[in-house]
Amino acid sequence: MDQPNGWMPPVFVLEQELEQLTSLLDSRFGERYPEETDALRAELERAVVMRADWISSDVVRMHARVEYLDVASGRSNRVTIVFPWEADLTNGRVSILAPLGTALFGLRVGDAIRWSTPSGRLHVWRVLDVQDVQEEEHAS
């Protein structure tokens, strides 16, 4: 897929998450959401695959809570990147297949990406902070 995006910082993905996301792309979600799965597939194809003990804690992974800046508005927000069946926008749980989820996934703190949504709107998002929600939940 030809990406309409200008800034393409490196994308990092855990081996296990790559397997899970590849299965997602080959599932009924891939058939129902072809544009969204094409965008995710393009990101995964350019990703650097990492082992869990090698990946940095500042990388946006599945179930990570991400604080990001919308550069145009100057506003920051927090979301958790989840699988489509876990998405719940009222609680800040954004699907990996949503433009924001796909764009932020695999980036590191400090990375910015320019991303065009299916409606044609161009966004520039910068990752400000990443927290592993699973580790956070075990600590409480």
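Computed from the coordinates by the stated procedures, all read-outs in this text should not be read as laboratory data. This is a predicted model, so every value here is computed, not measured. Because the Cβ atoms are built from the backbone with ideal geometry, glycine has one as well, and the counts that use them run over all protein chains shown.
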**Study point:** Cβ pairs under 7 Å, 6+ apart, first in the range 87-98 and free of Cβ contacts under 8 Å to residues at least 60 places away in the same chain, second part of a loop (DSSP other than H, G, I, E, B) and charged (D, E, K, R)
**Key:** none
Check your understanding: Has the range 56-75 got any residue that is touching a helix residue (DSSP H, G or I) at 6+ places or on another chain (Cβ under 8 Å) and small (G, A, S)?
Key -> yes
Check your understanding: Is it fair to say A52 is under 18 Å from V133 (Cβ atoms), more than 14 Å from the chain's Cα centre (by Cα), surrounded by fewer than 18 Cβ atoms within 10 Å (Cβ to Cβ) and among the aliphatic types (A, V, I, L, M)?
Key -> yes
